[in-house]
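The values are calculated or read from the model by the stated rules, or taken from the named source; none is laboratory data. Note that the structure is a prediction, hence the values are computed from the model and not measured. So basically every Cβ, Gly included, is an ideal-geometry build from the backbone, and we count neighbours across all protein chains shown. The area values use the complete protein model at the heavy-atom level, side chains included, leaving out ligands, DNA and RNA. Shrake-Rupley method; radii C 1.70, N 1.55, O 1.52, S 1.80 Å.
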Amino acid sequence: DSQGGLIAAERIRSSLENEYVEGVGHITASIGVATFIEMTTDVDELVEIADKAMYFAKQNGRNQVKLAEVQDSVSWQDIAIDAFVQILDQHKIPFGRKTADELIKKLQSKQETNNGILAKELLFDVVDTISKTYTPYYESGTTKQKIELAYAIAKRFELSKNDMDKLKLAMLLYDIGNVLIPNDVLSKKTPLTKEEKEVITKHPIIGAQEILKPISHVSSIIPIIVHHHENWDGSGYPDKRKGDDIPLISQIILIVDSYYAMISDRPYRKAYSKEEAIAEIESLAGKKYSEELVREFKNAIKEIEA
């Protein structure tokens, strides 16, 4: 149970603190505790909840034990469900009314059950479905894989719980502006014209302003989405921001989006192998991405595939 987990974790923390390591000294530990069945029956969800508690312990003085709170694991999902219900209900996505109504019904039914695991899986499916409307070759399951990679990278930067939630929300919504880009531009096999490039570069702003801005509870992620195509050296868009002026969450979204774009087929080229994609990203360190981000991206890939 929770109390037993706290006692065991505190014993581990105390033992580590009292142990002297040659060349290092005494070690401190920040530990997050989450309990199986009581909080969730999903192993991945359990690790995620415990991670959040660990980050809380780090940010509030370190060298302590923090018990996870169940409600923390579902808040971002509730916000995302509500956002997609509004987007679908207000005809922001070019779906037929019947399809939109079916998705809304599913989203609302999962929200009412208060089952975080089901809600999360359904959100992944909804984003996959939407992505396929403008990217026919989009593979089911890609949304989940993207969020897992983004989360693994973000952990290495010790983002706060609030920023972790923003990252997950932004990963679900960052490409929503693509639904307003003409299909003949997105699927074009020949080089884009100047006018077509302008359409593409405006999609983050289109998504933020026309689709997300009216939804008040996702307003905090709009700047993140607007700047997820800025490059580290200032060569990106829409504002040519550079370096640390680019939100870290936006930088994480960019590198994850780039990687999955590379390993997917496109109208104008075949998919890269994973090794080729990683090599390409490495070649852009210090240019498109910071060197630290590339390093942690590679570590996260190894962690996921281990």
| task | Pop out the carbon and sulfur fraction of the accessible area of the chain as a percent, whole number, probe 1.4 Å. | result | 50 percent
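For GLU10 and GLU292, calculate 0.36 nm times their separation in residues minus their Cα-Cα distance, and state this gained length in nm to one decimal.
Numbers: separation 282, 0.36 × 282 = 101.52 nm, distance 3.31 nm.
So the extension gain works out to 98.2 nm.
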| query | Using 0.36 nm per residue, how much length does the chain from ASP244 to THR193 gain when fully extended, once their Cα-Cα distance is taken away? | reply | 15.2 nm
| Which chymotrypsin sites (Phe, Trp or Tyr not before Pro) from segment 239-306 combine a DSSP loop assignment with at most 15 other Cβ atoms within 10 Å? | TYR268
| remark: In degrees, nearest 10, the alpha-carbon axis of helix 75-89 is tilted away from the dominant principal axis of the alpha carbons of the chain by 20 degrees
| query | So for the pair SER160, SER283, with labels modelled 7 Å out along Cα→Cβ, what separation do we get in nm? | reply | 4.0 nm
| field | Charge dipole (debye, nearest 20) of segment 183-306; +1 at Cβ of Lys and Arg, -1 at Cβ of Asp and Glu | value | 340 debye
| said: I'd like to check one number: the per residue accessible area of segment 196-306, probe 1.4 Å, reported in Å² as a whole number. | reply: 50 Å²
| said: For the pair GLU22/ARG266, report the inter-label distance in nm, with labels modelled 7 Å from Cα in the Cβ direction. | reply: 5.4 nm
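At 0.36 nm per residue, minus the direct Cα-Cα distance, what do LYS274 and SER235 gain on full extension? Give it in nm, one decimal, please.
That pair, LYS274 and SER235, stretches by 11.5 nm at full extension.
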| field | Using a Förster distance of 22 Å, the FRET efficiency for GLU139-VAL43 (Cβ separation, nearest 0.05) | value | 0.40
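Just how large is the dipole of the chain about the Cα centre, in debye to the nearest 20, putting +1 at every Lys and Arg Cβ and -1 at every Asp and Glu Cβ? If you can, show how the numbers build up before the last one.
Working: 39 positive and 49 negative charges, 178 e Å.
Using Cβ point charges on Lys, Arg, Asp and Glu, the chain gives about 860 debye.
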| query | Can you work out the FRET efficiency for the pair LYS98 and ASN63, with r the C-beta to C-beta distance and R0 = 51 Å, to the nearest 0.05? | reply | 0.35
| task | Give the residue from THR28, ALA53, VAL43 lying farthest towards the positive end of the charge dipole for segment 1-96; charges sit on Cβ (+1 for Lys and Arg, -1 for Asp and Glu) and the dipole is referred to the Cα centre. | result | THR28
